[in-house]
1. At q = 0.06, 0.07 Å⁻¹, what base-10 log of I(q)/I(0) does the Debye formula yield for the chain when every alpha carbon is treated as an equal point scatterer in vacuo?
2. With both bridge residues required to lie in the chain, what share of the DSSP beta bridges run antiparallel, to the nearest 5%?
3. Please check: in the Gaussian network model of the chain (C-alpha springs, under 10 Å), which one of Phe308, Phe94, Phe280 has the largest mean-square fluctuation.
4. List the pairs from Lys251/Lys312; Lys23/Lys105; Lys89/Lys253; Lys111/Lys167; Lys49/Lys105; Lys107/Lys128 whose alpha-carbon separation is above 31 Å, in the order I gave them.
5. Take the residue pairs Lys26/Lys104; Lys4/Lys52; Lys270/Lys341; Lys178/Lys271 and return only those whose Cα atoms are more than 23 Å apart.
6. Run the numbers on the chain and let me know its relative contact order in percent, using alpha-carbon pairs under 8 Å that are six or more apart.
7. Kindly rank 318-324, 214-220 from highest to lowest mean number of other beta carbons found within 10 Å of each residue.
8. Can you return the aspartates and glutamates within cross-link range of Lys267? Criterion is Cα-Cα under 18 Å, with same-chain partners fewer than 8 residues away left out.
Amino acid sequence: MQTKILRINPITPQISKIRQASKIIKSGNLVAFPTETVYGLGANALDPKSIKKIFEVKGRPSDNPLIIHISDVADLGMLVVHIPDTAYKLIDKFWPGPLTLVLKKSKIVPKITTGGMNTVAVRMPENKIAQILIRESGVPIAAPSANISGRPSPTTSEHVLDDLSGKISMIIDGGKTKIGIESTIVDLSKKNPMLLRPGSVTLEQLQDVIGKITIHPILQERKTKLVHRSPGMKYRHYSPNAKIILIEGSKDKANDKILHLLAQFKKQGKKVGVMSTENFVYDSDVTIFIGSNFDVIAANLFKTFREFDARKVDIVLACGINRKGLGLGIMNRLGKAAYKKIKV
Ligand code: AMP
Ligand code: MG
């Protein structure tokens, strides 16, 4: 299959061109498209045959549920059995935007879409191309990140092409995604709201709107039997081929550790990369300054993982950041990508 690239201006999207992509969705096939978080791999959320293709193309385990994207808040009603007050409050404040809500699913949502669960994850993206694609397709669109399972999420159409060329009908190229890490996920299907995945809608912002919210034990790196509340969490993710060593501690101590490990691995003949949030100079084979501001770090994170791979680095030394605000989401992705974590 030839993968067609459709270039769309993200600021003034041409609706007539996007209709070509909607046709593909309506005919039961797959289209990768930009959202404000990462590129998604979309299919008709209500059609089991279309959804099966997403799992096959990504090599995604069948118990890892998909997020359904809608273009109108009114469409939430048909996907869920009940919308609690907490959901209305969060929707009012954060939709359209990078916040996914998990609620009890209605009968029209096929089990294959939810990985066999009785709940469904829904979000309304802010990206104009995504909104028009969903609206013109006339169906809610299920879309996981448009990468091969386990690889870093794509933040450009080139990343999607690297992973899925020849495997899907179309990629809409709408430029680099704004946020760079996936949506925040909150489970509202039980009595107590629970944060399942941190993202650019921060824990602090959520607390401001709905008060108390429990953090899933896995996010606190605690052992738990609650894995079933977010099946995707048990899988290793976002991993480049290079082995990431994540070093956490005070800036000075972490930097000393990086210098020490760098010398040690170089002696062993390894090709070593440093991913740095400070503009320091290292004697490494590849040094990537990822930014010092959290918004910039998030926007560059997955692209940087892919760049280390392209430059065939064996080991990446990365230092941790503060877990406040967007820092919690960034550290969650770094932690999941890491081969080893060291506290100094
Ligand atoms: P991705 O779209 O690849 O970022 O993955 C979506 C993630 O959303 C999954 O890995 C799950 O962790 C989470 N998710 C989707 N649906 C549900 C659900 N019904 N309950 C809990 N978590 C969900
Ligand atoms: Mg993903």
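Readers should treat all values here as calculations from the given coordinates under stated rules, not as data from a laboratory. Note that this is a predicted model, so its numbers are computed, not measured. Neighbour counts run over all protein chains shown; Cβ positions are idealised from the backbone, glycine included.
1. Log10 I(q)/I(0), no solvent term: -0.21, -0.29.
2. On the way: 17 of 50 bridges.
Of all bridge pairs located within the chain, approximately 35 percent are antiparallel.
3. Among Phe308, Phe94, Phe280, the largest mean-square fluctuation in the Gaussian network model of the chain belongs to Phe280.
4. Values: Lys251/Lys312 27 Å; Lys23/Lys105 27 Å; Lys89/Lys253 43 Å; Lys111/Lys167 24 Å; Lys49/Lys105 19 Å; Lys107/Lys128 29 Å.
Checking Cα-Cα distances, Lys89/Lys253 exceed 31 Å.
5. On the way: Lys26/Lys104 26 Å; Lys4/Lys52 21 Å; Lys270/Lys341 19 Å; Lys178/Lys271 31 Å.
Exceeds cut-off: Lys26/Lys104; Lys178/Lys271.
6. On the way: 762 pairs, mean separation 67.5, N = 344.
Relative contact order, the chain: 20 percent.
7. On the way: 318-324: 18.3, 214-220: 16.3.
The densest-packed peptide leads the list: 318-324, 214-220.
8. Asp256, Asp283, Asp285, Asp314
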